[in-house]
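The values are calculated or read from the model by the stated rules, or taken from the named source; none is laboratory data. Please read all numbers here as calculations on a predicted model, not as lab measurements. Here Cβ is always computed from backbone atoms with ideal geometry, including for glycine, and neighbour counts include all displayed protein chains. Surface areas here come from the heavy atoms of the whole protein model, side chains and all, with no ligands, DNA or RNA. Shrake-Rupley method; radii C 1.70, N 1.55, O 1.52, S 1.80 Å.
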Amino acid sequence: MAVCIAVIAKENYPLYIRSVPIQNELKFHYTVHTSLDVVEEKISAVGKAMADQRELYLGLLYPTEDYKVYGYVTNSKVKFVIVVDSSNTSLRDNEIRSMFRKLHNSFTDVMCNPFYNPGDTIQSKAFDSMVTAMMVQAS
Amino acid sequence: MEAHEEKPIIYTMENKPIVTCAGDQSLFTSLYTSLAQQLPREPMEWRRSYGRAPKMIHLEANFVQFKEELLPKDGNRALLTFPFLHIYWTDCCDTEMYKASVKDDMLRWQSTLRLHGSVDWLIVVVESEAKKKNKTNILPRTSIVDKIRNDFCNKQSDRCVVLSDPLKESSRSQDSWSSFLTKLRTLLLMSFTKNLGRFEDDMRTLREKRTEPGWSFCDYFMVQEELAFVFEMLQQFEDALVQYDELDALFTQYVLNFGAGDGANWLGSFCAPVKRWNGLLLRRPIDMEKRELIQRGEASLLDLRSYLFSRQCTLLIFLQRPWEVTQRALELLHNCVQELCLLEVSVVQGALDCWVFLSCLEVLHRIEGCCDRAQLEANCSHTVGLWTYATEKLKSLGYLCGLVAEKGPTSEDLNRTVDLLAGLGEERPETVNSLQSPYKKLNEALSSVEAFEKHYLELSHAAMEMYRAIGRMRSARLIGKSLAEFYMKKGDPERAEGFLDDSLRSYVAEGWSLQVTHTRKQMAECQKLLQQTEDYLQTSALLAGDANLTVEERKHFCQEILTFASQPPAPSDQTVALSMAAFAQLRQMQFSPPGAVVHVGAALQLELRVRCLMPVAVKVEQLAATLHFSLEQGGARGRAGSAQRRTGQGPQGQGDGVVLFPQGSPLAGAGMGASLLPALELYEMQDRSPSDSSLNSTGVVCKNMHLLLRRHDSSASLDTSSVTLSLLVALSFSLPPLSTLSVGRVQFVQSHIYPVVQYEVYSQEPQLTIEPLSDNLLAGIPQKVKFTIATGHYSVKKGDALQLSNTDSMPILHSSCCSATILSSTGERVGESALSIQSSEKVTSISLPPTPPYHTLEFQLEVLCHIPPTPFKPDIERLTNGEVRHRPKSHADRGMINIDQKVSIDCPWSIYSTLISLTFYVPFKAKHSILSAGKRKYIQVCLQNVSDTIFHLADPVLTDTHTSSLSHSLTHLFGSSLPQTVCSQQSVFCLWEMRWVERLPLCLQCAFSASFAPVSASDAHTAFKPYRYEFQLDRVSTLYSLKAEILPPSGDQHCRTGTLCGLEVSITRQAEPSETEGEEEESTEIEGLRTTKLMYEVVDNSSNWAVCGKSSGVVSMPVAASATHRVQMEVMPLFAGHLPFPNIKVFKYLPHSAVPAIQPDTDSCLENDTMSLLDKGLDDQGDTASIRSRGSVHSVGSGEQQRVLPMPRLEPFSPGQVFYLSQGRQVLVLPVTDDHVMEVNVT
């Protein structure tokens, strides 16, 4: 399962970012932030004409020695980034996709909340618990 | 020939499938060159098993002499050395010879092949004309071929081919060559298909056994690699690569299974501790050392991986896919590190870093070797990952070996370095001569601090440049940051600063708070080293208020500020000004009074709520605010306006003077803790045309628009609508564009506050207003008015008094209780004191109680406005009398007449008199009319209450005011003298009969008077006030009586419709001519008889009658009593029934010479001095002007008649002068016949 899950606004500031273990939080923040480079590259690589049929899932953004970083961009240019431990080899592409889909659904629920101010950091408990379910249980 | 006898050298890329040659070697040698040339010339379609797509391949072959050793023994699956086809060459054309030697030789050859199970053979019979000529007794050549076919190819006749005259240039020879080559190719392919298929089947079988104990991956590896070699030999690199990829995947799966606890025995050999980490070797097509290690089962994991990758790399480069190499390389390196970890292989610390570093550089070198510069630059994105990885690894090696430390490596570090270098082994022979080999680089870098720095910086900058080039700015900054860390470690903060600043800026701009905190901490360290006190303190302040840090860290940074603040200032030092945003937040500001509007001299309380962001209590020595002063004349922002605006601010600010400041947006970062919006970050943007780089457009781009253009709570918007309520000079202070908190030598400055807060200070002139208490002031009865004095800046002293100049028309009534209320500026009741009012003839003096400035003094007075007795004549205005004017203006829509009453007041604070206008409304409207009955006269007065008040009306009296003679009297006929109630819009009618003794005066001046009091008045008797209405009656006596008679046609009793009836009008003179009347009446003397001319006219407005014949005429009436004139006319009734008589009108008929009878109306200029009304409103002037012009039109018109066209004129009689006897009479008219048909419809 994931070690870090981040939701990044269209303007590239974090709406939500959570990681386990806690002590590596800073490293994950750096990783996720840097991955935006690749996300932007992938988005711009898809031509404007193709924007409609563009697949939201961006696939593996880049591997590092320890982690694999996957990306997903909603149509409103909100980015989801999932970081997975490289040693966790049992995770297949399909599972990553389904994680993103779950994340997207939950994010949509957050956006539908009339009390949520678009652009604010996400503090929804439902979203949080969904993310927790996708994360590696900190042992 | 010798070359072909050598053992084929395998393991070079020049491998070709082996074809053996038996039989006549010299024959073959002669044909070899053209054969080797022609074989690959044409491609051949290779159909393959297992549904694989057919391929076109160009076949080549390595022709070797047939030897029995070449044939594979049982169990030897070496494919590369496998002879795919055996060819027997012969040019025998002699049957004898064939039988003697060739056949035996062939048989031997065949039996050897059969022994080894090889069925891929071909017999080539070469024919030449030359040989045939030599032997004349030869059999037909076909017989040899047939014989061979008979002997050897029992069912496969195609295994024997004929090649005719191969060395000659003839079409026949060409044809035979081409058919031979086709055959050769087909057979080769058949052999491939068959043998490879068999091989693959064997291989699969072997693979299926992998779960069996004793199965070795290395053995299997060798087998599958054999297949890969063959594909490679056939130039089928794609297929070869697939073999390696399969091996790769298989191995990976085993490692993963091992990690999952399912270990295979053979994996044990790969788990041996890593002893050598000399990196990938990609310069050889096949790394035989490693291959042998694998073959022997002695390879380590790194060896196997290295070998696999080197093969994949080679094939990928053959396939022109160098960028896949880089991508795979990065994956491989990551993967190996993971696998070693997974297999728990013990590795010397740093060894893997060395291996990765060397491998990265090796891959990069390999790629550089096969691509040109432009290609490399265009594909930075593929290589930059390797560069970065190498940089990272070198960095970690540097840290490990103490090369980064300021003091240089310790002995322990050196030992470690030596160990690491030992693991690299000797440099490989391929790169010994290269100056830039990865091996040399690593060796050098680890050897000295300086060399390490050089290499590390080189790599870092290269990676950064590449990232910049491909627009991955964040990645570039991350490398920059690690460079900064390196510089800091080296004690070189100057160089670190720039990188840190760049990174910090981008993190702040994108709102990543953890990074901001982390980088800022490094920045603080850097600034401290650089002794940039102010910057350091600012950063410290930000960090001290940073929620991402622990309390201890925050306390530390806070202490840094406090320590600096408490230092005695050096003479040269100024105080340090820092941004307040980091230190404290302005949360709330509360004004008291809430409107934030005060008058000069008043106190305005301002309560600030500031939130300290510091982790410890900080003693603030001074708080200062800078105000911006702006002077506004005339109160452009009225009081109500500003109060309204203030209530508009802040969600909770319900006019309680509270201004809330928006908190820092979450994305501004908890780390920043800033309440203020970030400053605009504007960048210039230039759009150049791609072709000639001329400027297309330019503009300014706001980079942090997302921070600025966020939706704010709408209530925070500034409401600029303002209302000007009173004339006041408002000084508004915007507070504060700058506020400062000082702690010791440190000042925290907030340069602007949003929303803008301001308060107003105003200075007001004293002001007096008089307002009616009720909606309308009514004239004639006492009314209360309210005096309000806003003292403004003036303080009312004891003895100050208001001097009201008295007017007769509006006396001020002394009320019994008259007290003044004093209110403070906020509307609070402060006190109450009695007023003393003194009246003299000219003035009424009201002495005011002492009142402080900016208070309000209120009291009430009763005033009475007398009703002017005459009806106002609006048509004449006397402008000469500038002071008094009655202003007849109908009130609203109810026809009330109003009177503007001006009051002149002398106020103690001003030398000028204040003129205040009050408007009173007359509550009644009176009308009079004269009624006649023959000679008797009656006067009717109608009084209508037009106000909303209900009145009691009493004592209506009509008197003659003008003539005091007793010649006539007025008798009250109708209208009660008792008080009666008159409601709103109700009318009261009174009637008097006029009697006279001798003769009626020509003109009567009458005055109607009555008493009235509001019903609500408590004291009915004293409350009754007089109402007076004066009017004048002229020419009231009856001169003529007019009688009409309608006569039915003769012989008929009644008139009938449609028949002519006679109308007889008789005009009778009633009065004796008198002197006064004689003047008035135009009479002529005809034959001694005074006559006057009258004109009569019959008009029927209701169209009941048709006047037939003449309808009007002029008669001369003798001026004598009872003189009668009769006129006969014919009228025809148009309807049946009781019809009213037609109207008959009589006019005076004045000949043209007569003087116009228009006289100025003296009554219209009635003057009333008791009214002191003054109004010079323009509208009224307009009114009167039009009225005057109307009057003048009349006179001008008559003047014209005289001058231009003298015509007789008609003049009507005054009402009462002509009495109509038959007015209201009716006559019965019958219908013509009685046969009326009534139609009744029943439905």
(request) Using amide H atoms built 1.01 Å from N in the peptide plane, name the residues 5+ places from B:W121, or on other chains, whose amide H lies under 5 Å from its own. (result) B:H86
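Would you mind classifying region B:474-567 by shape? Square roots of the alpha carbon gyration tensor eigenvalues, ordered a ≥ b ≥ c; an a/c under 1.5 is rounded, otherwise it is prolate if a/b is larger than b/c and oblate if not. Mind dumping the intermediate values first?
Working: a/c = 2.20, a/b = 1.35, b/c = 1.63.
Because a/c hits 1.5 or more and a/b fails to exceed b/c, region B:474-567 counts as oblate.
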(request) Kindly write out, for region B:281-298 in residue order, the coupling ³J(HN,Hα) from the Karplus curve 6.51 cos²θ - 1.76 cosθ + 1.60 (θ = phi - 60°), rounded to whole Hz, with x marking Gly and Pro. (result) 10, 10, 8, 9, x, 9, 8, 5, 4, 5, 5, 5, 4, 5, 4, 7, x, 10
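Counting only heavy atoms of protein chains, what accessible area per residue, in Å², does region A:2-134 have with a probe of 1.4 Å? Numbers along the way, then the final one.
Numbers: 6110 Å² over 133 residues.
In whole numbers, region A:2-134 has 46 Å² accessible per residue.
Inside 10 Å of the C-beta atoms of A:38-45, what's the mean count of C-beta atoms belonging to other chains?
Details: counts 4, 0, 4, 4, 0, 0, 1, 0.
Counting other chains' Cβ atoms within 10 Å and averaging over A:38-45 gives 2.
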(request) Could you look at region B:474-567 and say what percent of its accessible area is carbon and sulfur, using a 1.4 Å probe and all protein chains? (result) 48
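Given the Cα atoms of region A:2-134, and with Rh set as the inverse mean 1/r over their pairs in the Kirkwood sense, what is Rg to Rh to two decimals? Can you show the working numbers first?
On the way: Rg = 14.2 Å, Rh = 15.0 Å.
Result: Rg/Rh = 0.94.
Only Lys, Arg, Asp and Glu count, each charged at its Cβ (+1, +1, -1, -1), so figure out the dipole size of region A:1-95 about its Cα centre, rounded to 20 debye. Could the numbers behind the result be given before it?
Details: 10 positive and 12 negative charges, 52 e Å.
Using Cβ point charges on Lys, Arg, Asp and Glu, region A:1-95 gives about 240 debye.
What is the mean number of Cβ atoms from other protein chains located within 10 Å of the Cβ atom of each residue in peptide B:497-509, rounded to a whole number?
Values: counts 0, 0, 0, 0, 0, 0, 0, 0, 0, 2, 4, 0, 3.
Mean shielding by partner chains, rounded to a whole number: 1.
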(request) Quote the relative contact order of region A:2-134 in percent (integer), defining contacts as alpha-carbon pairs under 8 Å separated by 6+ residues. (result) 25
(message) Tell me whether region B:217-471 comes out rounded, prolate or oblate; compute the Cα gyration tensor, take square roots of the eigenvalues as a ≥ b ≥ c, and use a/c under 1.5 as the rounded threshold.
(response) oblate
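Just the number, please: buried accessible area between A and B, total of both chains, 1.4 angstrom probe, nearest 100 square angstrom.
Buried surface at the A/B interface: approximately 2600 Å².
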(message) How large a share of the accessible area of region B:217-471, in percent, is made up of carbon and sulfur atoms when the probe is 1.4 Å and the other protein chains stay in place?
(response) 51
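Would you mind getting the accessible area per residue of region B:474-567, heavy atoms of the protein chains only, 1.4 Å probe, in Å²? Display every interim value, and only then the final one.
On the way: 3680 Å² over 94 residues.
Per residue, region B:474-567 has an accessible area of 39 Å².
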(request) Could you go through region A:86-101 in sequence order and give the Karplus-derived ³J(HN,Hα) for each residue, using 6.51 cos²θ - 1.76 cosθ + 1.60 with θ = phi - 60°, rounded to whole Hz, and x for Gly and Pro? (result) 5, 6, 7, 8, 6, 7, 9, 4, 4, 5, 4, 4, 5, 5, 5, 5
(request) Take peptides B:183-195, B:401-413 and line them up by average Cβ neighbours within 10 Å, highest first, as a rough protection proxy. (result) B:183-195, B:401-413
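If you take each beta carbon of peptide B:472-484 and count the beta carbons of other chains within 10 angstrom, what is the mean?
Per residue, the number of nearby Cβ atoms from other chains is 3 on average.
Determine the gain in length on full extension of the stretch B:V616-B:K1110; use 0.36 nm per residue of separation and subtract their C-alpha separation, reporting nm with one decimal. Show your work: numbers first, answer last.
Values: separation 494, 0.36 × 494 = 177.84 nm, distance 11.97 nm.
Extra length available between B:V616 and B:K1110 comes to 165.9 nm.
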(request) Report ³J(HN,Hα) in whole Hz for each residue of region B:95-111, in order, from the Karplus equation J = 6.51 cos²θ - 1.76 cosθ + 1.60 where θ = phi - 60°; Gly and Pro get x. (result) 4, 4, 4, 4, 5, 6, 10, 4, 4, 4, 4, 5, 4, 4, 4, 5, 5
(message) Check which residues have an amide H placed less than 5 Å from B:V830's amide H, if you skip close sequence neighbours.
(response) B:I822, B:L823, B:S824
(request) Mind listing the long-range amide H neighbours of B:N62? Cut-off is under 5 Å, sequence gap 5 or more, other chains count too, H placed in the peptide plane at 1.01 Å from N. (result) B:I18, B:V19
(message) Can I get the semi-axes of region B:174-327's equivalent ellipsoid? Compute them from the C-alpha gyration tensor as square roots of 5 times the eigenvalues, in angstrom, largest first.
(response) 33, 20, 13
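When a/c reaches 1.5 or more, the comparison of a/b and b/c decides; with that in mind, is region B:355-475 rounded, prolate or oblate per its Cα gyration tensor?
Working: a/c = 2.64, a/b = 1.41, b/c = 1.87.
Cα axes put region B:355-475 in the oblate bin.
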